[in-house]
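K.L.:
Handing you this structure, nothing more for now.
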Amino acid sequence: MAELRVKYSPDDEWTGELEGVVASNGFSGRGSAWFDRTHLRTAIIPAFRAFPLSDSEPPTIEGGFWSKERQGELEQCHLRITVKQHNARGGLLVRVDVASQVWKTPDADMQQTVTARFLTDYEALRQFAEDLERVLDGALEEAVLRNTTM
């Protein structure tokens with residue numbers, strides 16, 4: 001069994017911390033990053049609901065420490081969730097990257113990283129997107145995306 005569990009802790013009415021916990025085939029990890037709730041609601045959730053998913057721009061949530069010099073570039077990625085098409089039968093590949101924060105160097109801070117992958121389908125992704133929206137509204141504690149056999 002593989003799954004991704006996502007929680008949202010609001011800081012104010014605009015931003016909050018999104019936490020992802022992934023477990024797949026004996027590997028597990030946790031990462032979190034700060035996001036604009038409106039961006040999640042208007043750009044990310046609709047991308048997860050798309051059918052078919054975009055091959056050129058698969059839906060992705062990513063956050064961490066952004067570069068001050070190079071706008072739009074992550075210097076450290078603490079949470080990344082990407083979903084892309086996997087096969088002709090409607091199978092989807094979920095890739096989750098999580099990492100701890102680094103303040104000095106990865107070795108000095110004992111940085112931990114995990115990349116986990118699992119398969120799911122459009123119905124499970126649709127339910128995850130619906131639940132993620134409810135998590136952002138505070139109506140649900142966590143959204144869960146589980147693997148399916150494809």
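K.L.:
How many residues, within the stretch 129-150, are in a helix (DSSP H, G or I), within 23 Å of PHE51 (Cβ to Cβ) and either free of Cβ contacts under 8 Å to residues at least 12 places away in the same chain or touching a helix residue (DSSP H, G or I) at 6+ places or on another chain (Cβ under 9 Å) (or both)?
P.N.:
Looking only at that region, the number is 6.
K.L.:
Still on this structure, please answer the following. If you go through the stretch 1-15 one residue at a time, how many are in contact (Cβ under 8 Å) with a residue 60 or more places away in the chain and part of a strand (DSSP E or B)?
P.N.:
Matching residues across the stretch 1-15 total 7.
K.L.:
Collect the residues in the stretch 114-150 that are small (Gly, Ala, Ser), under 12 Å from LYS7 (Cα atoms) and surrounded by 15 or more Cβ atoms within 10 Å (Cβ to Cβ), keeping them in residue-number order.
P.N.:
Hit for the stretch 114-150 is ALA143, nothing else.
K.L.:
With respect to the numbered conditions (1) among the basic types (Lys, Arg); (2) in contact (Cβ under 8 Å) with a residue 60 or more places away in the chain; (3) out of contact with any Pro (no Cβ under 8 Å at 6 or more places or on another chain), which one is the sole condition not fulfilled by ARG37?
P.N.:
All conditions pass for ARG37, except number (3).
K.L.:
Report whether or not GLY72 is touching a residue at least 40 places away in the same chain (Cβ under 8 Å), at positive phi and not aromatic (Phe, Trp, Tyr). Even if it seems obvious, please write down each step before you answer.
P.N.:
Numbers: touching a residue at least 40 places away in the same chain (Cβ under 8 Å): no; at positive phi: yes; not aromatic (Phe, Trp, Tyr): yes.
Here the answer is no, as GLY72 does not meet what is asked.
A short reminder: the numbers here are calculations on the coordinates, not readings from a lab. Everything quoted here is computed from the prediction, not taken from an experiment. Using ideal geometry, Cβ is built from the backbone for each residue, glycine included, and neighbour counts are taken over all protein chains shown.
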